[in-house]
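The values are calculated or read from the model by the stated rules, or taken from the named source; none is laboratory data. Bear in mind that the values here come from a model prediction, so they are computed numbers and not experimental data. No Cβ is skipped: glycine too gets one built from the backbone with ideal geometry, and neighbour counts run over all protein chains shown. Areas reflect the complete protein model, heavy atoms only, side chains present, ligands, DNA and RNA absent. Shrake-Rupley method; radii C 1.70, N 1.55, O 1.52, S 1.80 Å.
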Amino acid sequence: MQLNSEPDLLFRVSQGDEAAFAQLFHTYQHRLGAFVMQLTGSRALAEEIVQEIFIRIWEKREKLSQVEHFHSYLYAVARNYSISFLKKLGRELAQKQAWEISVADTQDQEEDAVLKNYRRIIDQAISELPAQRQKVYLLSRDEGLRQAEIAERMAISLETVKKHMVLALRSIRSYAMAHPEINVLLLILSHPFRG
């Protein structure tokens, strides 16, 4: 149903005429969308904002009969709502980023604490190894030497190095198991066995 004038259209919307409101929406939605898109730089945001604006117009439709220049009124509402929406979005993004940074910092601190505790327990376990076994283990872990290189450097047999490595790892695992606050799996995976 085509209506004769904008004042008539606005009056009918103010009286709750849904067909008149649909005509009003279809008359302005694309032009208003283009305007809002210039403000937001986003087609998706513009569509969302235009829908919100028309929902608000419908919710406050009784006031439409008092609006003399609907075009100006609509664009002022759109500009104000868009600015308000962008500010709110900016605050939400800032809060989200602050929360993510806070969570990351907390996780880093927790991981650092776990890692320090882990290292402390492993170092304690290593310090309790017999001297030669400790040296074999540290040459492998700290210097990255292979078992044959350790045997050559320490002037002992390869079999003796292998025996010391097996016993060192067994002792360290046992020590770690007595300290349930660290993850034993980390302990097992932390030292690749070099052949």
Within region 6-103, which helices (runs of 4 or more DSSP H) (wholly inside it) include 3 or more residues that are hydrophobic (A, V, I, L, M, F, W, C) and touching a Phe, Trp or Tyr at 6+ places or on another chain (Cβ under 7 Å)? 18-40, 43-59
Taking region 120-135 and keeping only residues that are in a loop (DSSP other than H, G, I, E, B) and buried (at least 17 other Cβ atoms within 10 Å of the Cβ), one is left with Leu129
Inside region 33-84, can you point out the residues that are more than 37 Å from the chain's Cα centre (by Cα) and open to solvent by 70 Å² or more (accessible area, probe 1.4 Å)? Lys60, Glu62, Lys63, Gln66, Glu68, His69, His71, Ser72, Tyr73
Under the condition of being of a type in the set (A, V, I, L, M, F, W, C) and in contact (Cβ under 8 Å) with a residue 24 or more places away in the chain, which residue from region 161-176 is most open to solvent (accessible area, probe 1.4 Å)? Leu167
Looking at region 1-32 only, could you name the residues that are open to solvent by less than 70 Å² (accessible area, probe 1.4 Å), at pLDDT below 85 and not aliphatic (A, V, I, L, M)? Ser5, Glu6
Aliphatic (A, V, I, L, M) and either open to solvent by 30 Å² or more (accessible area, probe 1.4 Å) or at pLDDT 85 or above (or both): is that true of Leu158 in this structure? yes
Among the residues of region 136-155, which ones are in a helix (DSSP H, G or I) and open to solvent by 80 Å² or more (accessible area, probe 1.4 Å)? Arg141, Glu149, Glu152, Arg153
Mind counting the residues in region 74-100 that are farther than 15 Å from Thr40 by Cβ and out of contact with any helix residue (DSSP H, G or I) (no Cβ under 9 Å at 6 or more places or on another chain)? 9
Residue tally, condition open to solvent by less than 80 Å² (accessible area, probe 1.4 Å) and either closer than 16 Å to Tyr118 by Cα or modelled with pLDDT of 85 or more (or both), over region 184-195: 5
